[in-house]
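The values are calculated or read from the model by the stated rules, or taken from the named source; none is laboratory data. Please read all numbers here as calculations on a predicted model, not as lab measurements. Positions of Cβ are backbone-derived with ideal geometry, glycine not excepted, and every protein chain shown enters the neighbour counts.
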Amino acid sequence: MKRNIVIIVLALALAVASYMLGWSNVSLRDHEARDAQGRLALSLGIYQLMERGDFQRAKEDMGMVVLGQTRYYEYEFGVPTGTNFWVQKFATAQAIASQVESNLVPVSSILTNFPHTPDAKITIGK
């Protein structure tokens, strides 16, 4: 009797562990799929800008991509050191990211620099 209970408890524990591992794998795969969809949509948008001949806008969009990926890499893995080709490429990406970042308007200035007028009237129209 005790042996049967132990077997049942072990089987339930194995079922729960298997379920949790499977759920975790599906959740990770869904996250990776959303990331891939975002990268593809961004790449497609930049391609279409170039196809229309809007190279300046495509360059600006690519600059934002380089900025985001550079900062993500720095956050996750740190700044690479050494003398290999990746360190040189990363330094180039950092220079581009810094240039793009210097042209951005900080959110704090948007939130704090709107005009304050004491006689402002807010109306809600239909």
Query raised in the report: Which of (1) among the β-branched types (Val, Ile, Thr); (2) exposed (fewer than 10 other Cβ atoms within 10 Å of the Cβ); (3) touching a Leu at 6+ places or on another chain (Cβ under 9 Å) is the odd one out, the single condition Ile5 does not satisfy?
Result: (3)
Requested in this report: Would you confirm whether any residue within the range 23-39 is within 21 Å of Phe90 (Cβ to Cβ) and touching a residue at least 12 places away in the same chain (Cβ under 8 Å)?
Outcome: no
Requested in this report: Go through (1) within 17 Å of the chain's Cα centre (by Cα); (2) modelled with pLDDT of 85 or more and name the single condition Asp30 misses.
Outcome: (2)
Report summary line: Condition set in a loop (DSSP other than H, G, I, E, B), at pLDDT below 90 and of a type in the set (Ser, Thr, Tyr), scope the range 70-126, selection surrounded by the fewest Cβ atoms within 10 Å (Cβ to Cβ): answer is Thr123
Requested in this report: Look at Gly63 and say whether it is closer than 26 Å to Leu42 by Cα and either modelled with pLDDT of 90 or more or out of contact with any Cys (no Cβ under 9 Å at 6 or more places or on another chain) (or both).
Outcome: yes
